[in-house]
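See below for the structure under consideration.
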Amino acid sequence: MNWAGLHADILESISARLTEPKDFISFRAVCPQWRETITRTAHARFLPWILKSDEVGVSVNVLFYSLSSEKYQEIHVPALKGRRTRLAGFGAGHLIGIDVDDDLSAVLVNPLTGESTALPRLPERFRGTITYGFAADHEMLREDDVSVAIYNWWPTGHVRIQVALWRRRGGHGWAVLPSERFWTRMPKQRSRLAAHGPEVLEGEIAGDGEEGEMEMQWVHDMDGAHLMEHGGQLRDKVIFQSADTCCHVLPAGDNFVGLSKNSIYFLDRRRRRGDAEAYCLCKWDLLQRVATVVEEIPGDWDWNLGRWFLPTLKY
């Protein structure tokens, strides 16, 4: 059989079922014909990884755990070299790195491709605060671009104060918005940022006297979940984040092997053997309205739960 001459439809059907980036890369490396037929950006998302730690050491290696292969993946990220980095967020296949020694300096980097973008310096009011964030891709913005939101917390770690919003292609700095006006209106405000820039958006928000809307409860006892990213019209994997920084994933597509699309998956510490706690993949059944443990995640995990990451070569 002439493997190099396989029809494009067959190659696309096979590549779409590959759940790990390294398998996709190996698939394209079989021969020039396969590589030409299946472009690097053809695969929108792979199955989720879990970020092992927020801290990046001098080796600039970032450690993930893959639910698909049930193995750890260590990715070398040269763009983080020369700084002590705290990974403050994720999204659109990127990580948001904050410089530990200069907390107003941040970088957006795709760990698979190594491509990075230095973010504008955060506003001075963010200095000395604990910051988290997320990136949103073009499926959320309905345009070919990536935006970044970074928010800070009170020293108690429970209340959001302000949100800084930036659009990569805009060439402008950050728009700083009150958090209570941002979380329930994210799509509209990102659109206004893209169209008019940060100054206009800040002015509109300042003149808007409406109170924030009620937060949605996707999962029992997990209030205030906000949509972070999805694969377009909610057909693919969906990630949302709750007010306590825990992240959850809804496998809306059929290609989520072994996971039910009637459930929302999250990470939590659960008692497993006697009084011992374990870090577990759990699911919330949307029909039965009950949470159960799916599997125990191996290894030692710190207190910060729920760092889902959808790797992609697309952006």
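Only the coordinates and a few stated rules stand behind these numbers; no lab work does. The structure displayed is predicted, hence computed values, not measured ones. Cβ atoms come from the backbone with ideal geometry, glycine included; neighbour counts cover every protein chain shown.
Report the residue count in region 66-99 for those that are within 29 Å of residue 163 (Cβ to Cβ) and touching a residue at least 24 places away in the same chain (Cβ under 8 Å).
19
Taking residue 55 and the conditions (1) loosely packed, with under 14 Cβ neighbours inside 10 Å; (2) free of Cβ contacts under 8 Å to residues at least 60 places away in the same chain; (3) in contact with a Lys or Arg (Cβ under 8 Å, 6 or more places away or on another chain); (4) under 17 Å from residue 311 (Cα atoms), which numbered condition does it fall short on, given that it satisfies the others?
(4)
For region 76-108, what are the residues that are assigned to a loop (DSSP other than H, G, I, E, B), over 18 Å from residue 49 (Cβ atoms) and small (Gly, Ala, Ser)?
82
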